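Take a look at the structure below.
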Amino acid sequence: MEKTLKNLWYNYQSELIFGVLMVAIVMLSSYLAQFIPDQLYDTVLTPAFNVGTVTAAFTCAWITFRHVENIRIRHIWGLALLTWGLGDLSYLICYQIAPLQLMNMGAEHITGYELFLGNLLGWVMVLYPTETLRPGWLTWKIVLWQLVPMTALVALDYVVPFSLRLLIALYPYVLLALALTNIHKYRQWCEDNFSTLDNMDVQWIIRYCIMLVLIGLNYVCICIGSGHTRAFTQQWFVIFMLVYSTEQILYRQDPWQRLRAVPQEEETTDTEQPFDAYKEKLEAWLEREKPYCNPDFQLMDLRQVLPLNRTYLSQLINTEYGCSFYQWVNGLRINEAKRLKKEHPEMSAQDIAERCGFSSRQTFYRTFLRETGCSPSEWFAAQNNTI
């Protein structure tokens with residue numbers, strides 16, 4: 001049990017801290033919103049937040065398109081930001097310039113227009129994790145079909161004698177849950193191709209979903225609750241999410257773009273020799289060159305010594321070593337770290353992590369715990385006691 005808790009902490013430490021912090025801030029904001037005077041909220045805060053959201057969405061979209069670099073996920077994120085900005089702009093115009101019956105700000109129930117707009121924006125935000133976890137799957141046809149159930153539910157809400165508000169508000173959760181069913185396959189694909197998973201959206205998706213779920217939960221409260229301050233928390237948190245997500249998405253490189261390109265003539269595969277022969281040649285190269293000490297070491301780098309394509313290289317690792325490329329390489333790095341510590345007891349954990357190819361000290365600690373069942377400091381202390 002203790003080992004499991006340690007693994008969870010080292011694997012998701014920053015995500016857990018981030019989640020707890022976001023929940024605490026949202027709860028505090030919801031509590032403080034009760035003390036905002038009606039007139040202040042209606043005349044100052046509502047238009048100010050609406051303008052802020054529109055400005056943030058359009059500014060982030062402009063920045064994203066300036067750095068799109070032919071990366072599909074950035075195109076999708078930029079379009080999502082534009083949709084959000086246009087949606088909030090229409091809301092702002094209807095509420096501030098030409099108040100229509102479509103809008104019902106501050107009333108005890110939310111209108112069909114607000115339901116549709118809120119779910120439209122929620123659906124837009126789900127496009128990013130969907131494309132990230134299943135690259136290339138999203139098409140215009142699929143995108144339009146996703147809108148059909150939401151539109152139908154909003155239309156039915158005007159007809160049936162009972163309220164469908166809660167069901168409508170939960171629809172984006174269904175889409176998010178469907179997207180997250182691919183997270184295991186996506187992580188497995190990353191592990192089969194890369195030795196370092198930092199900045200590859202595996203962990204970042206968790207943070208993004210935490211923010212998306214919090215916005216969704218608050219939206220559900222908006223749909224079933226009442227009061228003039230119901231949107232206070234939603235508005236400032238949306239601005240934070242748009243800005244923070246844009247920075248993170250632009251900072252992270254698309255894993256598909258990181259795959260080293262292999263010339264077509266080199267994609268031939270020599271399968272005449274058994275895997276055992278390739279394994280012997282591979283291990284001799286690893287012992288001589290230690291390529292795994294490079295943080296950017298990838299599966300296709302094995303082609304320097306083996307005439308196999310990506311599929312056969314992955315098969316070789318999985319068959320001969322019984323694990324993914326990521327697990328195999330990091331096992332080699334941990335063994336190298338142990339060797340360095342025995343030969344150079346004066347070396348610090350930070351120096352060892354850098355020498356062995358780990359991208360950060362946190363990654364080194366997390367991997368060491370997973371491979372050995374104890375932290376580096378505990379293992380190093382045990383070695384010193386043994387000596």
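Computed from the coordinates by the stated procedures, all read-outs in this text should not be read as laboratory data. Just so it is clear, the structure is predicted and the values come from calculations on it, not from any experiment. Using ideal geometry, Cβ is built from the backbone for each residue, glycine included, and neighbour counts are taken over all protein chains shown.
P(r) for the range 273-386, from all Cα pairs and a bin width of 5 Å, is 2, 11, 21, 22, 16, 13, 9, 4, 1, 0 %, short bins first. Distance from the alpha carbon centroid of the range 285-305 to that of the range 138-217 works out to 37 angstrom. Each distinct pair of alpha carbons in the range 13-254 adds a 1/r term; the inverse of their mean, the Kirkwood radius, is 18.9 Å.
The packing ranking of peptides 281-288, 55-62, 314-321, highest mean first, is 55-62, 314-321, 281-288, where packing means the average number of other beta carbon atoms within 10 angstrom of each residue. Full extension of the chain between I36 and Y321 gives 96.4 nm of extra length, using 0.36 nm per residue less the Cα-Cα distance.
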